[in-house]
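The values are calculated or read from the model by the stated rules, or taken from the named source; none is laboratory data. The shown structure was predicted, so the numbers you read here are calculated from the model rather than taken from an experiment. As a convention, Cβ positions derive from the backbone with ideal geometry for all residues, glycine included, and neighbour counts pool all protein chains shown.
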Amino acid sequence: MKHLIDPLDFTVEETLELLELADQIALDSAPYAMACRGKILATLFYEPSTRTRLSFESAMLRLGGSVLGFASAESSSVSKGESVADTIRAVSCYADICAMRHPKEGAPLVASHYSGIPVINAGDGGHQHPTQTLTDLMTIRRKRGRLDQMTIGLCGDLKFGRTVHSLMKSLVRFGDIRFVLISPEELRVPDYIMQDVLLAHSAPYREVETLEEAMPELDILYMTRIQKERFFNEEDYVRLKDSCILTADKLRAAKSDLAVLHPLPRVNEITAEVDNDPRAAYFEQAQNGVYVRMALILKLLEVAAC
């Protein structure tokens, strides 16, 4: 039984195979419409979510399966003090596969140690978000035709942004990736990511504080929101929340084939006028999330097309 807790749980070859399957599903999903008939996905979301939870549910329903679960910790037995270990033991009796989002880093990993079914990490604190990474990789590959030889700008909350951390860990394996890290000093990439990812792979990078400093050189711009829920006090959030905002005016300095990604939700870090720019790829990215999660469910359940 295989789980997906960290983006590196899949080898480069396995990742590419999954992306190929996701591409096939995107082109024609009909052969997969009943592939998971009789299978049940449990969505255990201890944190609020719209896109991740609904895209998992959409993926399973499109595969002919069923879904059960909860959308907040308050509506589960954790409010009574139940442990993650006991929750997953019980859920293993009811479902065939589980997607878990949790505010505590490492909670899905703990669950995988006690689970009788495959566990998918749907985001754990500021740590990892591997299914968003797969979605990002699919979108980048469809836009650029490859996953190497490019300059990618990561902008916004690089300290707490689990999507950024997961994407960096995965991209460095494909080679010839240059990172431009765009954030205020207080929200820079944490030291452990610098050491374990960038320096360990000798990945070239530079740190800047404004989009204007980076825009002309980028092939991919990955925007993130400043996450209010990760701050310990309101004052710091208010001071930093408008640090990096992408506008149509700033995009004028960008390459014509730039792709702008964002894991969503967006607050104000991309203005609405950017949505009409052909380089805006974030809603296409959200659609790709369904195809990736369909492919992942098929892979972990070892189910083939009908």
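Worth a mention:
- Residue check, residue 134 outside the structural domain of residue 43 (by TED's automatic domain parsing), in contact with a Gly (Cβ under 9 Å, 6 or more places away or on another chain), part of a strand (DSSP E or B) and in contact (Cβ under 8 Å) with a residue 40 or more places away in the chain: no
- Taken over segment 51-94, residues that are of a type in the set (Ser, Thr, Tyr), surrounded by fewer than 14 Cβ atoms within 10 Å (Cβ to Cβ) and at pLDDT below 90 amount to 4.
- Subset tally (residues that are assigned to a loop (DSSP other than H, G, I, E, B), of a type in the set (Asp, Glu) and either in the same structural domain as residue 13 (by TED's automatic domain parsing) or within 26 Å of residue 106 (Cβ to Cβ) (or both)) for segment 166-192: 0
- Some residue of segment 118-126 being among the acidic types (Asp, Glu), assigned to a strand (DSSP E or B) and in contact with a His (Cβ under 7 Å, 6 or more places away or on another chain): yes
- Answer residue from segment 28-50, given it is buried (at least 17 other Cβ atoms within 10 Å of the Cβ) and of a type in the set (D, E, K, R) and is nearest to the chain's Cα centre (by Cα) among those: 47
- Any hit, segment 173-185, residues being touching a strand residue (DSSP E or B) at 6+ places or on another chain (Cβ under 7 Å), under 21 Å from residue 289 (Cα atoms) and not hydroxyl-bearing (Ser, Thr, Tyr): no
- Boolean, residue 216 is out of contact with any Asp or Glu (no Cβ under 9 Å at 6 or more places or on another chain), at pLDDT below 95 and not acidic (Asp, Glu): no
- Filter pass, residue 105 being of a type in the set (Asp, Glu), surrounded by fewer than 18 Cβ atoms within 10 Å (Cβ to Cβ), under 17 Å from the mean Cα position of the chain (by Cα) and not assigned by TED's automatic domain parsing to the domain that holds residue 264: yes
- Listed conditions (1) among the polar types (S, T, N, Q); (2) closer than 20 Å to residue 21 by Cα; (3) modelled with pLDDT under 95 are all met by residue 135, apart from (3).
- When residue 246 is tested against the conditions (1) at negative phi; (2) surrounded by fewer than 21 Cβ atoms within 10 Å (Cβ to Cβ); (3) of a type outside the set (Gly, Ala, Ser), the lone failure is (2).
- Matching residues, segment 251-270, being in contact with a helix residue (DSSP H, G or I) (Cβ under 7 Å, 6 or more places away or on another chain) and modelled with pLDDT under 95: 263, 264
- Test: residue in segment 226-240 that is at pLDDT below 95 and of a type in the set (S, T, N, Q): yes
- Test: residue in segment 201-220 that is over 19 Å from the mean Cα position of the chain (by Cα), in the same structural domain as residue 157 (by TED's automatic domain parsing) and free of Cβ contacts under 8 Å to residues at least 24 places away in the same chain: yes
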